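The block underneath contains the structure these notes are about, expressed in structure tokens.
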Amino acid sequence: MRKVLTRTDYVEFPRVSRGKVRDIYDLGENLLVVVSDRISAFDHILPNGIPDKGRVLNLISAFWFDRTKDIIDNHLVSFSTDDLPGPLKKYSGELDGRFMIVKKAKMLPVECIVRGYISGSAWSEYKKSGSVCGMKLREGMKESGKFDETLFTPSTKAESGHDLNISFEEMVGLVGADTAEKVREASLAVYGHCARYALSKGIIIADTKFEFGFHDGKLILCDEVLTPDSSRFWPLDSYREGSAQPSFDKQYVRDYLLQIGWDKEPPIPELPEEVIAGTSGKYREAYFKLTGTRLPDD
């Protein structure tokens, strides 16, 4: 297991942004996206990093980009340390497995949510109104049940706070009818292909989030793809309709923070070693199940 990486400062290139997990640097023609081991819960970045989390997220995205490139092109240029610019070669050991060099794309101002199963906020809305993101559904659905048809439910990208669900018609108003149709078609196609593959490996992808942009006039898939952070991954062998499901992500962290009664305001509590280890293990398990290979050093 390599050291936990929670902060990057590659002064050789300008840093474009620092998100909850990703740090982005401007390489000139392309961007460098570094996936850290930071973890957030309830809209706060926690003091502890999760060992190998960044590598798992990055390598799972690379895996899916390769599997879906015939459905839609994507922003990945390379994730090989051989292709790091000269000034960054000295960071090869630190960056190995946790970075991508990507194309600069003009990002669309929407997030593309695809839902195969009813859970989370969708389940809460359905219980109140019988709808999900304003779409009326049949009666009698149970928590974690499979939708009769996969749903495409776009949302806005919020600079702060939570994203807001929007209708497809509102999305058309933001990006245009032709782009909206292409994005919806690509989102459903990528999800369908990957969800079927994951199911064969013992993982249910209940829902996920995609982001798209334009590069040289062409629509491409960007950001992260079908990771435990951008999706709900459930183990198939324990799946039972009618209740919440265990997942391959931050469950240990969320459960611990709820258990200690944290009020979701600073000061942010430290995580105990067993929670850190359990969370790291879940991420690595997801990678192994999907790819059939262990992380290097495992």
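At least 1 residues that are more than 20 Å from the chain's Cα centre (by Cα), free of Cβ contacts under 8 Å to residues at least 40 places away in the same chain and more than 16 Å from Lys104 (Cβ to Cβ) in each: list the strands (runs of 3 or more DSSP E) lying fully within region 1-52 that qualify. Step through it out loud before you land on a result.
Details: elements: 15-18, 22-26, 30-35.
In region 1-52, there are no strands (runs of 3 or more DSSP E) which contain 1 or more residues that are more than 20 Å from the chain's Cα centre (by Cα), free of Cβ contacts under 8 Å to residues at least 40 places away in the same chain and more than 16 Å from Lys104 (Cβ to Cβ).
With Asp43, Asp83 as the choices, which residue is under 26 Å from Ser187 (Cβ atoms) and surrounded by fewer than 16 Cβ atoms within 10 Å (Cβ to Cβ)?
Values: Asp83 fails: under 26 Å from Ser187 (Cβ atoms).
After ruling out the rest, the residue left standing is Asp43.
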Pairing a residue in region 273-298 that is closer than 17 Å to Ser40 by Cα with any residue that is open to solvent by 30 Å² or more (accessible area, probe 1.4 Å), where Cβ atoms lie under 6 Å and the two sit 6 or more apart in sequence or on different chains, gives Val275/Tyr252; Val275/Tyr256; Gly278/Tyr252; Thr279/Tyr252
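Does Glu265 meet the test of being assigned to a loop (DSSP other than H, G, I, E, B), in contact with a Gly (Cβ under 8 Å, 6 or more places away or on another chain), open to solvent by 30 Å² or more (accessible area, probe 1.4 Å) and of a type in the set (Asp, Glu)?
On the way: assigned to a loop (DSSP other than H, G, I, E, B): yes; in contact with a Gly (Cβ under 8 Å, 6 or more places away or on another chain): no; open to solvent by 30 Å² or more (accessible area, probe 1.4 Å): yes; of a type in the set (Asp, Glu): yes.
Considered against the rule, which asks whether it is assigned to a loop (DSSP other than H, G, I, E, B), in contact with a Gly (Cβ under 8 Å, 6 or more places away or on another chain), open to solvent by 30 Å² or more (accessible area, probe 1.4 Å) and of a type in the set (Asp, Glu), Glu265 comes out as no.
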Pro246 vs (1) open to solvent by 60 Å² or more (accessible area, probe 1.4 Å); (2) without any contact (Cβ under 8 Å) to a residue 60 or more places away in the chain; (3) part of a loop (DSSP other than H, G, I, E, B): all pass except (1)
Note on Ile118: of the conditions (1) touching a helix residue (DSSP H, G or I) at 6+ places or on another chain (Cβ under 7 Å); (2) surrounded by fewer than 16 Cβ atoms within 10 Å (Cβ to Cβ); (3) without any contact (Cβ under 8 Å) to a residue 60 or more places away in the chain, unmet is (2)
Residue count, region 7-66, condition at pLDDT below 95 and aromatic (Phe, Trp, Tyr), comes to 1
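Test Glu241 against the stated conditions and say whether it is open to solvent by 50 Å² or more (accessible area, probe 1.4 Å) and in a loop (DSSP other than H, G, I, E, B). Break it down stepwise before answering.
Working: open to solvent by 50 Å² or more (accessible area, probe 1.4 Å): yes; in a loop (DSSP other than H, G, I, E, B): yes.
Criteria met by Glu241.
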When every residue in region 208-228 that is open to solvent by less than 40 Å² (accessible area, probe 1.4 Å) and of a type in the set (Asp, Glu) is compared, the one nearest to Phe288 (Cα to Cα) is Glu224
Considering region 153-168, residues that are in a loop (DSSP other than H, G, I, E, B) and of a type outside the set (Ser, Thr, Tyr), and then whichever is surrounded by the fewest Cβ atoms within 10 Å (Cβ to Cβ), we arrive at Glu159
Per the filter on region 40-79, residues among the polar types (S, T, N, Q), within 22 Å of Lys3 (Cα to Cα) and touching a strand residue (DSSP E or B) at 6+ places or on another chain (Cβ under 9 Å) are Asn58, Ser61
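Quick grid of which residues meet (1) open to solvent by 20 Å² or more (accessible area, probe 1.4 Å); (2) out of contact with any helix residue (DSSP H, G or I) (no Cβ under 6 Å at 6 or more places or on another chain); (3) in a loop (DSSP other than H, G, I, E, B); (4) closer than 21 Å to Phe79 by Cα:
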{"position": "Glu170", "(1), (2), (3), (4)": "yes, yes, no, no"}
{"position": "Leu174", "(1), (2), (3), (4)": "yes, yes, no, no"}
{"position": "Ala189", "(1), (2), (3), (4)": "yes, yes, no, no"}
{"position": "Tyr197", "(1), (2), (3), (4)": "yes, yes, no, no"}
{"position": "Ala206", "(1), (2), (3), (4)": "no, yes, no, no"}
{"position": "Phe233", "(1), (2), (3), (4)": "no, no, no, no"}
{"position": "Asp237", "(1), (2), (3), (4)": "yes, yes, no, no"}
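Are any residues in region 119-152 assigned to a loop (DSSP other than H, G, I, E, B) and either among the acidic types (Asp, Glu) or in contact with a Leu (Cβ under 8 Å, 6 or more places away or on another chain) (or both), and if so, which ones?
The first filter runs over region 119-152 and keeps only residues assigned to a loop (DSSP other than H, G, I, E, B), leaving 119, 130, 133-134, 137-145.
Hits for region 119-152 are Gly130, Cys133, Glu139, Glu143.
The values are calculated or read from the model by the stated rules, or taken from the named source; none is laboratory data. Nothing here was measured: the structure is a model prediction, and the numbers come from that model. Quick reminder, even Gly has a Cβ in these numbers, built from the backbone with ideal geometry, and neighbours come from all protein chains shown. Quick note on the areas: whole protein, heavy atoms, side chains included, nothing else; ligands and nucleic acids left out. Shrake-Rupley method; radii C 1.70, N 1.55, O 1.52, S 1.80 Å.
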